[in-house]
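Taking it in order: structure first as structure tokens, then the write-up.
What follows draws every value from the coordinates through simple rules; no lab data is involved. Since this is a predicted model, take the numbers as computed values, not measurements. Don't worry about glycine lacking a Cβ; one is built from the backbone with ideal geometry, like all the others, and counts go over all protein chains shown.
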């Protein structure tokens, strides 16, 4: 009788152990299904560079996590994320301007990521509330016609509003995120009143109604349509790397100024990303973001668009980028620029900057 009872207890204990081992798999905490889920990552990216595919393949090779990529413009991605809501499959979102990143944040599209790797790699001004992280940077510089303008005339952003430049300045639309980010940084440094006065001064100095992209502003100086223009640095580097001999030669004849070197430093914008709010693979998303601040990934991300890596110790292997020289960048936190985006848009409207 005692032997029979002992055998029954062993059988019960064995069943209990099997049940406990099975429970995690039933609840998705272990087993093949959970492992399969962690082996992929859904990326929503506004970057459109073929070299990024090699980067994602490197990530897959290192981690075994497959990257499923959806590419679209910033605004299209944001609209898609909002329409998908909690059902969104997105794990990571990559966007290419602080204005778009801030919009994603204010619309609640990011989830916080707490990572010692990201904190150690990125300076404080490249991290925003653990929600999104700067990955590459570009500067808003001034190009000018050396035959018409002296460099001391355009040494600061403020100088673009000086009356002696009337009819000589080219810019893109005031509603574009690049211009909004620049004006937002001026608000952060000088206050609303001075920022509005600056915007009105630049409008008074325009050579033509704003149109086209930054490359069009550079070409406006090349052709003599204007004498001074604002552009993001990578557009100039693209022309300096151009396979068209005449275009490359014309770009090399332009004067280049890093504005505000003796004061706040040149305005710097970012491309960056973060984990999607409803990421189905959060661990994979975190691993991917940490991978993007590794030395090899930083070099590839930056070179793809002639930008600077956000991780400052990364080696730059872009001769044309190096040729335009080093600058003192404005160290202001990205978030301080981001919070002034809406105000900057109102100031542009009041200034008549179309």
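General observations
- Between 0 and 90°, nearest 10: helix 2-26 axis offset from the chain longest Cα axis: 20
- Sites residue 323 and residue 283 - FRET efficiency at Förster radius 41 Å, r taken between beta-carbons, to 0.05: 0.50
- Adding -39500 (n - 2.57) for every DSSP H run of four residues or longer, then dividing by how many residues the chain holds, sets the calculated 222 nm ellipticity at -14000 deg cm²/dmol.
- Relative to the longest principal axis of the Cα atoms of the chain, the long axis of helix 295-304 lies at roughly 40 degrees.
- Under the shape rule built on the C-alpha gyration tensor, where the axes satisfy a ≥ b ≥ c, the stretch 40-116 is prolate, since a/c reaches at least 1.5 and a/b is greater than b/c.
- Length-normalised contact order of the chain in % [C-alpha pairs under 8 Å, at least 6 apart]: 27
- Computed over the stretch 35-137, relative contact order equals 28 percent, with contacts defined as Cα pairs under 8 Å that lie 6+ residues apart.
- Ranked by how many other Cβ atoms sit within 10 Å of their own Cβ, fewest first, the residues 230, 254 fall in the order 254, 230.
- Gain on full extension, evaluated as 0.36 nm per residue between residue 58 and residue 261 minus their Cα-Cα distance, stands at 69.3 nm.
- Spin-label pair residue 313-residue 39: with each label point 7 Å from Cα along the Cα-Cβ axis, the two points sit 3.5 nm from one another.
- For a paramagnetic label modelled on residue 208 (point 7 Å from Cα along Cα→Cβ), amide N atoms under 16 Å away belong, within the stretch 171-194, to 171-174.
- Sorted peptide list for 257-263, 337-343, 71-77, criterion being average Cβ within 10 angstrom, highest first: 337-343, 257-263, 71-77
- Relative contact order of the stretch 263-354: 30 percent, from C-alpha pairs under 8 Å at least 6 residues apart in sequence.
- Full-extension gain in nm, residue 146 to residue 71, via 0.36 nm per residue minus C-alpha separation: 23.0 nm
- Fewest-first ranking of 264, 60, using other Cβ atoms within 10 Å as the exposure measure: 60, 264
- On Cα atoms only, tilt of 177-190 relative to the major axis of the chain in degrees: 80
- Point-to-point label distance, residue 130-residue 332, nm (Cα→Cβ direction, 7 Å offset): 2.7
- Prolate/oblate/rounded call for the stretch 219-354, Cα gyration tensor, a/c under 1.5 rounded: oblate
- Taking 0.36 nm per residue of sequence separation and removing the Cα-Cα distance, the residue 296/residue 175 pair yields an extension gain of 40.0 nm.
- Efficiency of FRET between residue 117 and residue 192 - r from beta-carbon atoms, R0 22 angstrom, step 0.05: 0.05
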